[in-house]
Amino acid sequence: MAHDFLSLSDAGGDALAAMINDAMDRKSLRKDWAKARPDMDAPLAGHVLAMIFEKNSTRTRVSFDMAMRQLGGSALIMESGSTQLGRGETVADTARVLSRMVDAIMIRTDDHAKIEELAHYADVPVINGLTDLSHPCQIVADLLTVVEQGFALPGLQMAWLGDGNNVANSLIEAAGLMKFTIRIGGPPGYEPDVGFIERARAAGGEVILTNDPREAVSGAQIVVTDTWVSMGQPGGEKHVAAMQPYQVNADLMALAAPAARFLHCLPAHRNEEVTDEVIDGHQSVVWDEAENRIHAQKSVLLWALEKL
Ligand code: CP
Ligand code: NVA
């Protein structure tokens, strides 16, 4: 039985906690190892992951590739423009064919309906490497980073500033599954997906929406932002102007808890959504967060392939 990972809820809170623990264990075991060597147990030896990219990527591409290598398997990259998918072969037929050839599929695409269709027709696990709606793999790395920094997830106070995008949606989902509070500070009209908010609240997470950036960040232990204009989104001058009050700068960070940490999935648009002073400052853990994509992706792969 393949485990699809289209959203964090596909795994649920207990499996997410297990993923974070496994990632921490594997990360600490590797500390004493030469960088190039695989994990000793090589649990995915002989397994191949196909990665379909319909949008740009640095971290997702490299972390999944390295995760597969370190787990003893391998990955192949399919830029959709150079595949038959890019020439109109259907998602369903692509799913059927790849299922006969590889052990798992990771896809980064635009419309979330496409990944649902792929998962429906594939017999192997399908992993969401970002859609316009959500970015669950990023959030496994984010939660790992938060725990690593010494914070407990239940009861955590998190602030999100800016655009209510795919990353925000998945963080809200995490708030429900792991029972923490997320305060979303953003301009009217740029709120996260209402379905994610309602499901998180129903699951026991606290989701607070405000247009006041100071209220959002006040007392927060974790402050998170992302690009104001996501890939494939229209953006424009009005959009960027509306985001300006939500820039994470030193004045805003001063309102967070004294030991607060700053997260950003990257790539950053420096001095737009975050100032150099904050992203390069002592509260920023963005490089740990980026590294943690490898460790988190290993857990996602192991869970999807029923090895966790
Ligand atoms: N954070 C993230 O998903 O980065 P990439 O777009 O580089 O994969
Ligand atoms: N919200 C961003 C995340 C990039 C990793 C985007 O979709 O472009």
Quiz item: Do any GluC sites (Glu not before Pro) in segment 234-308 lie in a DSSP loop with no more than 15 other beta carbon atoms within 10 Å, and if so, which?
Solution: Glu306
Exercise. Would you work out the relative contact order for segment 63-165, in percent, from Cα pairs under 8 angstrom that are 6 or more residues apart?
Key: 18 percent
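Given +1 on the Cβ of Lys and Arg, -1 on the Cβ of Asp and Glu, and no further charges, what dipole in debye does segment 141-193 carry about its Cα centre, rounded to the nearest 20? Write out the running numbers ahead of the final one.
Details: 2 positive and 6 negative charges, 41 e Å.
Magnitude of the dipole: close to 200 debye.
Under a 1.4 angstrom probe, counting protein chains only, how are Met178, Met66, Met40, Met19 ranked by accessible area, largest first? Intermediate results must be reported in sequence, preceding the final value.
Working: Met178 25, Met66 65, Met40 145, Met19 0 Å².
Ranked list, largest accessible area first: Met40, Met66, Met178, Met19.
What translational diffusion coefficient, in µm²/s and rounded to a whole number, does the Stokes-Einstein relation yield for segment 46-168 at 10 °C and a viscosity of 1.306 mPa s, taking the hydrodynamic radius as the Kirkwood radius over Cα pairs? Don't skip to the end; give the middle numbers.
Details: Rh = 15.7 Å.
Answer from the Stokes-Einstein relation: 101 µm²/s.
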Quiz prompt | Sites Asp212 and Asp110, calculated FRET efficiency, Cβ-Cβ separation with R0 51 Å, nearest 0.05 | solution = 0.95
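Assign unit charges at the C-beta atoms only (+1 for Lys and Arg, -1 for Asp and Glu), then state the dipole size of the chain relative to its Cα centre in Debye, rounded to the nearest 20. Display every interim value, and only then the final one.
On the way: 26 positive and 42 negative charges, 143 e Å.
The calculated dipole for the chain is roughly 680 debye.
Taking only protein heavy atoms and a 1.4 Å probe, what accessible area per residue, in Å², does the chain have with all protein chains in place?
Details: 12830 Å² over 308 residues.
Averaged over the residues of the chain, the accessible area is 42 Å².
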Quiz prompt | Inter-part distance where segment 126-168 and segment 259-273 are each reduced to a Cα centre, Å | solution = 13 Å
Quiz item: Cα-Cα over 29 Å: which of Lys179/Lys307; Lys27/Lys114; Lys31/Lys114; Lys27/Lys179?
Solution: Lys27/Lys114; Lys31/Lys114
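If you take the square roots of the eigenvalues of the alpha-carbon gyration tensor of segment 129-190 and sort them as a ≥ b ≥ c, do you get rounded (a/c under 1.5), prolate (a/b over b/c) or oblate? Could the numbers behind the result be given before it?
Values: a/c = 2.12, a/b = 1.33, b/c = 1.59.
Oblate shape, in that a/c is at least 1.5 and b/c is the bigger or equal ratio.
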Quiz item: Leaving out ligands, DNA and RNA but keeping every protein chain, what accessible area does Asp276 have, in Å² rounded to the nearest 10, with a 1.4 Å probe?
Solution: 60 Å²
Quiz item: In segment 165-308, with Lys and Arg counted as +1 and Asp and Glu as -1 at Cβ, which of these residues, Pro267, Ala168, Leu255, has the Cα nearest the positive end of the dipole, that is, farthest along it?
Solution: Ala168
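After finding the eigenvalues of the alpha carbon gyration tensor for the chain, what semi-axes result from the square roots of 5 times each, listed largest first in whole Å?
Working: eigenvalues 191, 100, 62 Å².
Result for the chain: semi-axes of 31, 22, 18 Å.
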Quiz item: Size of the dipole of segment 31-149 about the Cα centre, Lys and Arg at +1 and Asp and Glu at -1 on the beta carbon, nothing else charged, in debye to 20?
Solution: 400 debye
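Quote the Stokes-Einstein diffusion coefficient, in whole µm² s⁻¹, for segment 124-265, based on the Kirkwood radius over alpha carbon pairs, a temperature of 20 °C and a viscosity of 1.002 mPa s. Intermediate values should be presented prior to the final figure.
Values: Rh = 15.0 Å.
The Stokes-Einstein estimate is 143 µm²/s.
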Quiz prompt | Long-range tail of P(r) for segment 5-94 (Cα pairs > 22 Å, %) | solution = 44 percent
Exercise. For every helix of n ≥ 4 consecutive DSSP H residues, a contribution of -39,500 (n - 2.57) applies; sum these over the chain, divide by its total residues, and give [θ] at 222 nm rounded to the nearest 500 deg cm²/dmol.
Key: -12500 deg cm²/dmol
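The values are calculated or read from the model by the stated rules, or taken from the named source; none is laboratory data. Remember, it's a predicted structure, so these values are computed and weren't measured experimentally. Please note: Cβ atoms are built from the backbone with ideal geometry, for glycine as well, and neighbour counts cover all protein chains shown. Just so you know, the surface numbers come from the protein's heavy atoms only, side chains and all, with ligands and any DNA or RNA stripped out. Shrake-Rupley method; radii C 1.70, N 1.55, O 1.52, S 1.80 Å.
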